[in-house]
1. Distance cut-off 23 Å, Cα to Cα: go down the list Lys25/Lys125; Lys65/Lys125; Lys25/Lys141; Lys25/Lys70 and report the pairs above it.
2. What does the extension gain come out to for Glu189 and Val55, with contour length at 0.36 nm per residue minus their alpha carbon separation?
3. What is the local net charge at Thr212, summed over the other residues whose Cβ is closer than 15 Å to its Cβ (Lys, Arg +1; Asp, Glu -1)?
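We did not get these values from a lab; they are worked out from the coordinates using the rules stated. Computed from a predicted structure; not experimentally measured. Because the Cβ atoms are built from the backbone with ideal geometry, glycine has one as well, and the counts that use them run over all protein chains shown.
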Amino acid sequence: MKAGQKAGYPRFKGGDRFDTVEWPKDGDGCRWNSQPEHPTATYVRLQGIGHVRVVQHRPVQGTVKTISVKREGRRWYVVLSCDDVPERPLPATGRQVGVDLGVARFATTSDGEIVGNPRADFHHKTARALIASCDVIAVEKLNVAGMTRSAAGTVDAPGVNVAAKSGLNRSILDAGWARFVNILTGKAEEAGRRIVFVNPARTSIDCHRCGTRCTRPRQDTVICPACGPIDADTNGARNIATRAGLGSGQAAA
Ligand SMILES: [Zn+2]
């Protein structure tokens, strides 16, 4: 635009290899369900393509805000994001936890629940279970922009987990955690639950009981000079709970 050229929109990524195109506003180049005279069929109208019939996997709630068309293999998907989605609050449970997202185990809660390694449909299942059973869930704030969590640290809080977490493909891990936290946050909004993001600095390495800096001779254990060995992920989860103001995080105990 600065060069005086016409800015085309929307643009396809990567020539013939594009897999996603997004329209930022319903009604601008695309229109969801644009044939109300056919109430039994759902259509999306795409500029330059026309009306395309879609199979709706679940009813649309709220007001359609953006529309993406996405290719996965030979199938095409329409992905909607919506505003003003009505809440469907779940009953209170009294449980409040800190959740540590880890390497050997996917997640450890401050009250002792352990979620193992990722399987298929894993993020949604884990998020659903936490949302169903907890009123408040605390997690570390992920540095999604840099795709590095506490391992790399920040200017204020230099990384302390570098040694423990080096040698792994961090970007893949962090992308997985970020995706999980996105799913968790979305489900929490819908269910009226609260997600608290805490500063991730030193959650793994400071003793959750006394605050002393621990050593971490192995991935799964930290050793506090005063309190002795502690499961590393549980220690992290309890620090996360404490930082979120959830007490010791051991609500159920
Ligand atoms: Zn200690």
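1. Lys25/Lys125; Lys65/Lys125; Lys25/Lys141, as the Cα separations exceed 23 Å there.
2. Additional length available on full extension: 45.7 nm.
3. Summing Lys and Arg as +1 and Asp and Glu as -1 gives +4.
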